[in-house]
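Data block below; observations after.
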Amino acid sequence: QRFTTNKSCLILWIILNSVLIQTSIYVFKDGRPQRLQNGFDFRAELCGQGKFVDRPYLYYPNPATDINVAFCVQQCPQSTGPLICLYQTNGIPYNSVYSKFCYVQMQSKPVGKYCKPYEPQNKLALDNHLLKFDLRVKRYVSDIYNSLDMIGLGAILISFLSFIFYIFIRNSNLIVIYMFSIFIFIIGCFAGYSYLFYREYQLELAQNCFTGIDEKQCVGDRGYLYRIFCYVIAVIGGIYLLTLIMIAKRLRKITSFFITVSQVVDILTQIKFIPYLLLLAAISIGGLILIMVPHGFTVADIVIIPILEGQIDGNKVKTMEFSKFSYAMAIYDIFMFFIWMFFLLGFRDIYISYCLCIWFFTKRKDTVKIPRWVVFKQIFRYHLGSVVMYSLVSACVTFPKLIMKSFIKSLSGLPQYSNTVRYLQTCCKCMIDFYEIFLRYFSKHSLIQVSLTSLDFYISSKRAYGLMFRNQDKISDMDQMQEFVVNNTKFCIAFVSALFVYVYLSFFEQTVFLKNNTKEIENKVIPSLVMFVIGYFFSAIFQGSYDITCKSLIQLYLIDQEIFFGEKRYDEEFINIVFQNYVKDDQNKYIIKSKQGVKIDQNEIEEQNYNDDEMMIKNKIRIIPVKIQKIII
């Protein structure tokens, strides 16, 4: 009999989505995405919009003196010397002969929609201004907004690659080719990303070092960050290749398990369609969030601020002050994107594990029928709260869990007699206790126990952890290897999709549908990173189906072994053979083998032909003299 699990999480889920709806209404009403890319002049009017539609660039006449004075120009000045004047309310510039609001123009280079001067002092002042948090975020989000059509094409590429790999892994004859191609793709992506980050470093160098001054003074922090990423990715790629060589035998052994899983997927047709349904939901939610976030970052108020005397009439200018509340809403929207993605993944996991539990614990598996609508009804009726709990836990504590786990593992590897180690353990006792009592239990295995036992998420997590801990010598390597292969597939698809977006934005002049100029996308790495995150979650919807199928089979097999003591009451023969061979291979590693045998006297081990009474008498005869001797002494 099933019970409703984690009811309180349903209430929290309703509240979170209600807030999301309210924020979406607010940002769509007050947000103006045109504010992202286009700069605004001294009257807070956008360049390239309205009466300044023919003046898309923002020019700062004297940033070293007063950075608040800026106006729109048709193109960045290509020479230094002539006068350039402010314009009046109607947009007509002042007369350069009679007006005092004219400046000596400086040769500049367009960077995005801003004119950056070559002169070092003014360039430094403008760089510091553009590196302010508000303007930096505005420019980064602008790069994302101008690349929306390319991100959409990347999502189509993700769906296609996910489907191709999904077909590959479903075919038992192509498992080896599938694994080999994944690893080759990832190694190629490491090499490609290392080169592209070095290319970004060279572009920063060419863009900022106008006058041939020392590289260390002009390349900037972002340029050095690109160069560091280039070296780090190259090193990680080398470590990854060495890791593959070291675990080649273990990867070869896991292929039999993947073949078994592909057979189970072919039998259970109910679990084949769920990735396609969830992919449509993920595209809808991801598209909505991707449009909401740029709108949220553009909610601003127009305020009047004072400037230096003599720069303009009244010595005051208008500027846009972006709302801090809008930043909070945008961050909340991003957080809800992760919550929704984990929710969809959790729903897929509990759906597949529910079907597998019914199939596994049925005697005649060839006759079992699992209607899809029945499974959906059971999940929505009883276990939707557990799915919400899983999504919240995954979004909030996944990274803290990994950090704490690695820290605790590193502490346990240090000498425990050291006072320094003991001091660190004492200082971090709260963190260690929090991990041991709470965090270590949460994993994908929890939802399998929820679907099997209909218990709350935390209790199911502890049960799943106990089951896996008791049998870690048998199946820990199996679980780790299959998860390694599946995660590599997800990262491969995410890498390829991000690489596609970056290469297109770097080597083509216009985007496909929106026809945006790619030269005005200042930082092409940002849209690529967004594409990587989307690619990882979208590919996880497909490839994670095999991960949860593997984990479900492992748990169900162990439960069958523990409850029925290896009677093979429910597990199929082809499943049992794979598990037995895998465990047998692991046990053979621990057998002590020696070329020199032990000399044993055969007479000492031959069984004597005594009955029970004679053996008792013989033993008493041996023991009594010894006792008498002790008493005498």
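For the reader, a short list of remarks on this structure follows.
- Ordering Phe537, Phe513, Phe434 from the fewest to the most neighbouring beta carbons within 10 Å gives Phe513, Phe434, Phe537.
- The length gained on full extension between Arg470 and Val397, counted as 0.36 nm times the residue separation minus their Cα-Cα distance, comes to 23.8 nm.
- Spin-label model, Ile334/Phe484: points 7 Å from Cα along the beta carbon direction are separated by 3.3 nm.
- Distance violations [Cα-Cα > 21 Å] among Lys29/Lys138; Lys113/Lys324; Lys132/Lys318: Lys113/Lys324
- Over region 88-128, the ratio between the Cα radius of gyration and 2.2 N^0.38 Å evaluates to 1.45.
- Taking Cβ atoms as reference points and 10 Å as the exclusive limit, the residues near Gln270 contribute a net charge of +3, counting Lys and Arg as +1 and Asp and Glu as -1.
- Remark: relative contact order (region 79-171) = 16 percent; criterion is Cα-Cα distance under 8 angstrom and separation of 6 or more residues.
- Cβ crowding within 10 Å, taken as a proxy for footprinting-reagent exposure, orders Ile459, Ile271 from fewest neighbours to most as Ile459, Ile271.
- Distance in nm between pseudo-label sites at Ile577 and Phe376 (7 Å out along the Cβ direction from Cα): 3.8
- Against the empirical curve 2.2 N^0.38 Å, the C-alpha radius of gyration of region 38-130 lands at a ratio of 0.99.
- At an R0 of 60 angstrom, the distance between the Cβ atoms of Cys430 and Lys100 translates into a FRET efficiency of 0.35.
- Radius 11 Å from Cβ of Leu439, net charge of other residues (Lys, Arg +1; Asp, Glu -1): +1
- In sequence order, calculated HN-Hα J values of region 73-85 (Karplus, 6.51, -1.76, 1.60; Hz; x Gly/Pro): 10, 6, 8, 5, x, 9, 8, 10, x, x, 7, 10, 10
- Residues whose amide H comes within less than 5 Å of that of Asn6, counting only those at least five positions distant or on another chain, are Phe457 (H built at 1.01 Å from N in the peptide plane).
- Rounded to 10°, Cα long-axis angle of helix 248-267 versus longest principal axis of the chain: 90
- Sites Leu205 and Ile304 - FRET efficiency at Förster radius 41 Å, r taken between beta-carbons, to 0.05: 0.55
- Once backbone amide H atoms are built at 1.01 Å from N, Ala300 has Ser323 as its partners under 5 Å, excluding neighbours fewer than 5 places away on the same chain.
- Helix content alone sets the calculated 222 nm mean residue ellipticity of the chain: runs of n ≥ 4 DSSP H residues at -39500 (n - 2.57) each, divided across all residues, give -22000 deg cm²/dmol.
- Note on region 444-579: Lys pairs 8 or more places apart or on different chains, Cα atoms under 30 Å apart, count 16.
- Pairwise label distance in nanometres, Leu414 with Ala248, each label 7 Å out on the Cα-Cβ vector: 3.8
- ³J(HN,Hα), Karplus 6.51/-1.76/1.60, whole Hz, each residue of region 140-146, x for Gly, Pro: 5, 5, 4, 4, 5, 5, 6
- Cα-based radius of gyration of region 112-188 once divided by 2.2 N^0.38 Å, which approximates compact folds: 1.93
- Remark: relative contact order (region 145-235) = 26 percent; criterion is Cα-Cα distance under 8 angstrom and separation of 6 or more residues.
- For region 492-508, backbone phi angles converted through the Karplus equation (6.51, -1.76, 1.60; θ = phi - 60°) give residue-by-residue couplings of 4, 5, 5, 4, 5, 5, 5, 5, 4, 5, 5, 5, 5, 5, 8, 10, 10 Hz, Gly and Pro being listed as x.
- Under 5 Å, built H, 5+ apart or other chain: amide partners of Val317: Ile305, Ile307
- Taking Cβ atoms as reference points and 9 Å as the exclusive limit, the residues near Lys551 contribute a net charge of -3, counting Lys and Arg as +1 and Asp and Glu as -1.
- Cα-only radius of gyration and Dmax that characterise region 363-517, units Å: 22.3, 66
- As a rough footprinting exposure proxy, the listed residues Val387, Val232, Val578 were ranked by other beta carbons within 10 Å of their own, and the order from fewest upward is Val232, Val578, Val387.
- Alpha-carbon gyration tensor eigenvalues x 5, square-rooted, for the chain, Å: 64, 29, 24
- Computed lengthening from Ile184 to Lys515, 0.36 nm per intervening residue step minus Cα-Cα distance: 115.7 nm
- Relative contact order, percent, the chain [alpha-carbon distance under 8 Å, six or more residues apart]: 19
Taken together, the values in this text are just the output of simple stated rules run on the coordinates, not laboratory data. These numbers come from a predicted model, not from an experiment. All Cβ positions, even for glycine, are placed from backbone atoms using ideal geometry, and neighbour counts span all protein chains on display.
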